[in-house]
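A short worksheet on the structure shown next.
Just so it is clear, none of the values below were taken in a lab; they were calculated from the coordinates. The shown structure was predicted, so the numbers you read here are calculated from the model rather than taken from an experiment. With ideal geometry, Cβ positions are generated from the backbone for all residues, glycine too; neighbour counts draw on all protein chains shown.
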Amino acid sequence: MKFSIFVASVFLFSSFSLYAEKSPEELSSTCLGCHGVVSYNNIYPTYKVPKLGNQHKDYIVAALKAYRSGERSHTTMKAHAANLSDLDIDKIADYFSSFKAKIATPEDVKMIDEANSCVGCHGVDGNSEVPTFPRIAGQYEDYLYQSLKSYKNGKRNNAIMNGVASTLNDDQMRKLSKYFASQKGMLNINQGRVAIKD
Ligand code: HEC
Ligand code: HEC
């Protein structure tokens, strides 16, 4: 008797968790409300919601955990990451990193001098080969500029990037953002919705 109750509850429990199990696509669908809209803007300050397609899995995992813990501050992203389990984060990161872009061969890239200090980590065109270093190739220009400014003024914390950005002036940050944004790499998961361009 006891045994069958045990079996029944194990069965109930496992079918419940099977039911509750969400696929990577389901977990990512709310995210696409912003990350799947081409040229969608964050407001105050205004810059585009970053592209996530083709980003390295490890970097997406780290970014979501940093929002969840509050280590990286952004009110909306903290709210979206707050209830995600480690497993959810892993699946979401699988989903966004599964989109692959055709990227340039290093010989085809016309590098600018300002990028010399970046390529060791982010690659010649911004397609880093180290999965914990984000791809910045093809990312929105104003998001890249916003990120560099935030590292420089300390609003975004990362020991490496705070050091790198402290050496850059505004003109260099603008040139670098333009350069990396013009490369092929990051993809918008286009859901057929395009925000009105500003
Ligand atoms: C209301 C719009 C909105 C929604 C919904 C949203 N995001 Fe974001 N997300 C943003 C904005 C804006 C940023 C840039 C924040 C910053 O400057 O740190 C961002 C940043 C990120 C980053 C960091 C990108 C990078 O290059 O560092 C990741 C990863 C991310 N979001 C994943 C998600 C996931 C996963 C979901 C769904 C669970 C989600 N977002 C839902 C607006 C949104
Ligand atoms: C020693 C390695 C290293 C070097 C050199 C480096 N970066 Fe980074 N970069 C990183 C790491 C690691 C991160 C992720 C930091 C974080 O989690 O906030 C990052 C993040 C960034 C981001 C934010 C990307 C995003 O999706 O939010 C930008 C933009 C960036 N780097 C630009 C540059 C530029 C431009 C240079 C050269 C002037 C440069 N980096 C040099 C390692 C490096």
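Does the stretch 40-167 come out rounded, prolate or oblate, given a ≥ b ≥ c as the square roots of the eigenvalues of its C-alpha gyration tensor, rounded meaning a/c under 1.5 and, failing that, prolate meaning a/b above b/c? It comes out oblate by the Cα gyration axes.
Under the criterion of Cα pairs below 8 Å and six or more residues apart, the relative contact order for the stretch 25-160 equals 26 percent.
Overall, the chain carries a charge dipole of about 380 debye about its Cα centre when +1 sits on the Cβ of Lys and Arg and -1 on the Cβ of Asp and Glu, all other atoms neutral.
Protection proxy ranking of 30-41, 88-99, by the mean of other Cβ atoms within 10 Å over each peptide's residues and highest first, is 88-99, 30-41.
Taking a ≥ b ≥ c as the square roots of the Cα gyration tensor eigenvalues, the stretch 99-198 comes out oblate, since a/c reaches at least 1.5 and a/b does not exceed b/c.
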